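Novice: Dropping a structure here in structure tokens format, bear with me for questions.
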Amino acid sequence: MRLLLAVLLLCAITLGAESGDSDPQPAAALPLASRDLESLLSTPVTTVRRREQSLSRTAGAVYVITRDELRRFGVSSLAEALRLVPGIDVSRIGLSSWAISARGFNNAYANKLLVMIDGRTVYTPAFGGVFWDQQDTLIEDIDRIEVLRGPGAAMWGANAVNGVINVITKPASRTQGTLVTMGGGTEDLGLIRMRHGAAAGRNGYYRFYGQQTLRVGAGDGSGRVGNARWSMLQAGMRGDWTFGDFDTLTVQADSFRSGALEYAGIPTLRSPFLNIVDSHSATFGGNFLTRWEHTHRKGGLSAFQAYFDSYSRGGVRSDLTVNTLDMDYQYRHPAWGRHEFGVAFGVRVLRDELRPLSFMTFDRGRQTYGIEQFTVQDDITLAPNRVAISAAARVERNTFTGLSTQPTVRLLYTPTSRHTFWAALSRSVRTPARGELGVDFLAQVIPKEPYPVLGEIVGQPGLRNEVGTSFEGGYRGQWGKRFTVDTSVFASRLTDLLGIVPDAPVLRFDRSDPYLLTRLRYRNSAGISSYGVEASARYSITPDLQIVATVNWLKFARPRGLASSPSDPMSTYAGTRGWQDSIRLLWKPARSWEVDTFYFGYGPRINVPDGKTRHRLDLRIGRRLTESADISAGVQGVSIGTRLETMTLPLHYLPAPLRTAVYLRLGVRF
């Protein structure tokens, strides 16, 4: 019945937005295979120095996913799009759950990667990490996704230890008209996206959007692995106004509601020692953001941004409510000849409620806490268009760990407009999550003789920040008219990492059945070094055929106080891949046709039992039917070997085997 429904939906007339962009086609939006590679080096980037600069003038390991790459990759979620980035480890856990990290330390709550959407931080302070199933926006509204691998704490604050993902949407002036997207396939049974944009008087524009997704998953034969069903409904708006030549105002709002039938494993003291339970989970929330920018007559800039974000999650694996109020002011101005001086300060106030679960309780159900920050930055031009240095430091105070300082120094050398060398030295911190300071977590039951062993993780007040020190260097450039390359190397040292210190086992009884209780206490007792290489290259074989290749290699060394066993609930790097690579072929066989092939290879994980290399192949064919209508069809997740991407911890997540998915989308705009 499910297959019949999918076939009927695939055959239905569907409207899509792949041609529904009303803004003019700048270089960054033209099909990659026919695009001048010089435009890649002029792609705007704002994440590294918190102001717009070209990629060729950026001293950092940055990859920019353009809106055309999003379209040709056929993605339907933000998380899936990140597979395109070298150095980003993307592993799917279930229909809507993901493990995503940069430069290692990947699990369901990867806590050293900061994620923002239009300047709004979506990192979850209660547990640390990102709930990817509630982070989305209309794919057609995304202008670009900037991904900084490596520390970004001096600009964006704590938890940006190994990277920053910055999703930037288009201004409302570039999304005019009406757009409808409908599609379906064997996994996304229903997909509909709608948007309408228009002028708001003489000096403004607005847009409204809505989207809904219905997704079904694969099981293990019994259907009780990972999520069985997941749906999400989201709506929002954006308005942009200009006042004279110097002031702009942006107002944005989003709301969402999602529901899932999900399964989780709860530890039990009786065989089989893991009780599979199901739950109809529900998540809902919304946010409101406003941003004002003033350009000074002498070239400076003042910007003020404020947002309020609220969401609630309820289900077998989480039950919490988080409210966030954030205000930030930034000032930047040329000063003292070759200097550009900038300051920023802000405050963030959070109030949450963490409700107890069957396997987890907290010492404080409700708590209010906050962060205050001050940042100073100086960009110095040592030799015009050749050598520049940027120094910045952020002083941050949070309720749990007090003051911390996060400095960075970046050096840029551009001998010609086509070649860039850079280096950076940074210090960053990861603050303890609220749950780590006061949690009682039944993690795992290990069947042993003569008694089973129950591992109970216990949070500890007074934990310190995790501290990272990183050195990076890189080169990006263009050779001839057909070839570009971007490489980076890094070496990092993380200290005061959270490890676990076990207490002596204690004999306890459950109804008269004996067992050993081992309390595992959080401590800042661990440290580890890492180093690696990341590279990407593009080559235009012909004006209509381009190949894009990426590779990254990561190595951990000198671990102290860290577990590498996949059965250990605090295994910090068992979910890390040592290497990844990808090859993409983007081809336009005719003016109205596109044929795209994506291959991804992944190194083995410690925590996946078979220890095998993973391979994945995606295919897409698209055709422009008219000036305002497109059709595309594709297959995603064609795998060689095992279909399980990760067995990421905590153990209460049940991983879902991947399956090949087919989709069809046909679209118009008006």
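Read the figures in this text as sums done on the coordinates, not as results from a lab. For clarity, every value in this text was computed on a predicted model and none was experimentally measured. Positions of Cβ are backbone-derived with ideal geometry, glycine not excepted, and every protein chain shown enters the neighbour counts.
Novice: Viscosity 0.890 mPa s, temperature 25 °C: give me the Stokes-Einstein translational D for the range 450-518 in µm²/s, with Rh taken as the Kirkwood radius over C-alpha pairs.
Specialist: Roughly 140 µm²/s, to the nearest whole number.
Novice: Rounding to the nearest 20 debye, state how big the charge dipole of the range 200-669 is about its Cα centre with +1 on each Lys and Arg Cβ and -1 on each Asp and Glu Cβ.
Specialist: So the magnitude is around 920 debye.
Novice: Could you tell me the center-to-center distance, by alpha carbons, between the range 50-85 and the range 124-199 in angstrom?
Specialist: 11
Novice: Take peptides 335-347, 303-315 and line them up by average Cβ neighbours within 10 Å, highest first, as a rough protection proxy.
Specialist: 303-315, 335-347
Novice: Tell me which of F345, V322, S536 sits at the most positive position along the dipole axis of the chain, charges placed on C-beta atoms (Lys, Arg +1; Asp, Glu -1).
Specialist: S536
Novice: Sorted by mean Cβ packing within 10 Å, highest first, what order do the peptides 490-498, 152-160, 627-635 take?
Specialist: 152-160, 490-498, 627-635
Novice: Quick check on the chain: helices-only [θ] at 222 nm, where DSSP H runs of length 4 and up contribute -39,500 (n - 2.57) each and the sum goes over total residues. Nearest 500, please.
Specialist: Dividing the helical sum by the residues of the chain leaves -1000 deg cm²/dmol.
Novice: Under a point spin-label approximation (7 Å from Cα along Cα-to-Cβ), what is the A491-R355 distance to one decimal in nm?
Specialist: Modelled inter-label distance: 5.1 nm.
Novice: Which pairs break 31 Å Cα to Cα here: K112/K588; K112/K481; K112/K170?
Specialist: K112/K588; K112/K481
Novice: Ok, one more. Projecting each Cα onto the charge dipole of the chain (Lys/Arg +1, Asp/Glu -1 at the beta carbon, about the Cα centre), which of G183, T43, F208 comes out farthest on the positive side?
Specialist: T43
Novice: I'd like to know which of L84, I631, L437 lies farthest towards the positive end of the charge dipole of the chain, counting +1 on Cβ of Lys and Arg and -1 on Cβ of Asp and Glu.
Specialist: Positive-most Cα among the choices belongs to L84.
Novice: I need the semi-axes of the equivalent ellipsoid of the range 417-569: take the C-alpha gyration tensor, multiply each eigenvalue by 5, square-root it, list largest first in whole angstrom.
Specialist: 47, 19, 12
Novice: Also: For the range 84-96, in order, what is each residue's ³J(HN,Hα) by Karplus, 6.51 cos²θ - 1.76 cosθ + 1.60 with θ = phi - 60°, in whole Hz (x at glycine and Pro)?
Specialist: After applying 6.51 cos²θ - 1.76 cosθ + 1.60, I find 6, 9, x, x, 9, 9, 10, 10, 8, 9, x, 5, 10 Hz.
Novice: Calculate, axis by axis, the spread of Cα positions in the chain along the three principal axes, and write the results as whole Å, longest axis first.
Specialist: So the extents along the principal axes, rounded to whole Å, are 76, 65, 47.
Novice: Fewest first, what order do T178, T550 take by the number of other Cβ atoms within 10 Å?
Specialist: Placing the least packed residue first, the sequence is T178, T550.
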